[in-house]
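For reference, the structure discussed in these notes is given below.
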Amino acid sequence: MSTIFSKIIEGELPCFKVYEDNIVLAFLDINPIHPGHTLVVPKKPFIDGIETDPEILAHIIKIGQKIAIVQKETLKCGGVNFLMSNGAAAGQEVFHTHLHVIPRFEGDGVFNSVEHGKYKDGEAEGLAVTIADALSNN
């Protein structure tokens, strides 16, 4: 699987690297939501976070947390979003697992269009049972 991220990992394309170890590479997003917006990408290619080895996924989050701490200190942002889209229906555009670490500022208007719904009577209970049963069988 060749993606823009695999080409960056292999050194075929440049990036503005902020962190690297034997498991992940972290670099600035070329189309940032805010300056400092960073991507944490596993060196081993996985399509998305659902297919990623759980230990590697945990490492991605660990490094994302370190980056978020530094973003808050250096960028003086009021918060940070961790965002990982899994599948085209979720908005994933590059099919190589990646975590966005996005610095956020009070009143920046990012992600304000999300609309939350409500469950119909009995719907939440039924879904909880369905999901819990499926989890107990896995």
Item to check | All aspartates and glutamates inside 15 Å of residue 66 as judged from Cα atoms, apart from same-chain residues fewer than 8 positions distant | outcome: 20, 21
Checklist outcome for this item: The alpha-carbon center of region 1-70 and that of region 79-138 are separated, in whole Å, by 20 Å
Item to check | Accessible carbon and sulfur surface of region 7-138 relative to its total accessible area, %, 1.4 Å | outcome: 56 percent
Checklist outcome for this item: For region 42-94, whose charge dipole is built from +1 on Lys and Arg Cβ atoms and -1 on Asp and Glu Cβ atoms, the candidate among 81, 91, 58 with its Cα farthest towards the positive end is 81
Checklist entry - Per residue, how many Å² of accessible area does the chain show with a 1.4 Å probe? => result 66 Å²
Checklist entry - Expressed as a rounded percentage, what relative contact order does the chain have, with Cα pairs under 8 Å and six or more residues apart? => result 23 percent
Item to check | Rg/Rg_ref, the chain, where Rg_ref = 2.2 N^0.38 Å and atoms are Cα | outcome: 1.21
Item to check | Under the Karplus curve 6.51 cos²θ - 1.76 cosθ + 1.60, θ = phi - 60°, whole-Hz ³J(HN,Hα) for region 31-45, x wherever Gly or Pro sits | outcome: 10, x, 5, 9, x, x, 3, 10, 10, 10, 10, x, 5, 7, x
Checklist entry - In region 115-138, which residues have a backbone nitrogen under 13 Å from the label point lying 7 Å from residue 81's Cα in the Cα-to-Cβ direction? => result 115
Checklist entry - In degrees, nearest 10, range 0 to 90: what is the angle between the Cα axis of helix 123-136 and the longest Cα principal axis of the chain? => result 60 degrees
Next on the checklist: How large is the accessible surface of residue 113 in square angstrom, using a 1.4 angstrom probe and rounding to the nearest 10?
Outcome noted: 100 Å²
Next on the checklist: Let's test the formula: R0 of 25 Å, r as the Cβ-Cβ distance of residue 53 and residue 110. What FRET efficiency results, to the nearest 0.05?
Outcome noted: 0.25
Checklist outcome for this item: Checked against the positive end of the charge dipole of the chain (+1 on Cβ of Lys and Arg, -1 on Cβ of Asp and Glu, about the Cα centre), the farthest of 6, 23, 70 is 70
Checklist outcome for this item: Among 17/43; 7/76; 43/76; 17/72, the pairs whose Cα-Cα distance exceeds 25 Å are 7/76; 43/76
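The values are calculated or read from the model by the stated rules, or taken from the named source; none is laboratory data. Note that the coordinates shown come from a computational prediction; the quantities given were computed from them, not determined experimentally. In this analysis, Cβ positions are derived from the backbone assuming ideal geometry, glycine residues included, and neighbour counts consider all displayed protein chains. Calculation scope for accessible area: heavy atoms of the full protein, side chains included, ligands and nucleic acids excluded. Shrake-Rupley method; radii C 1.70, N 1.55, O 1.52, S 1.80 Å.
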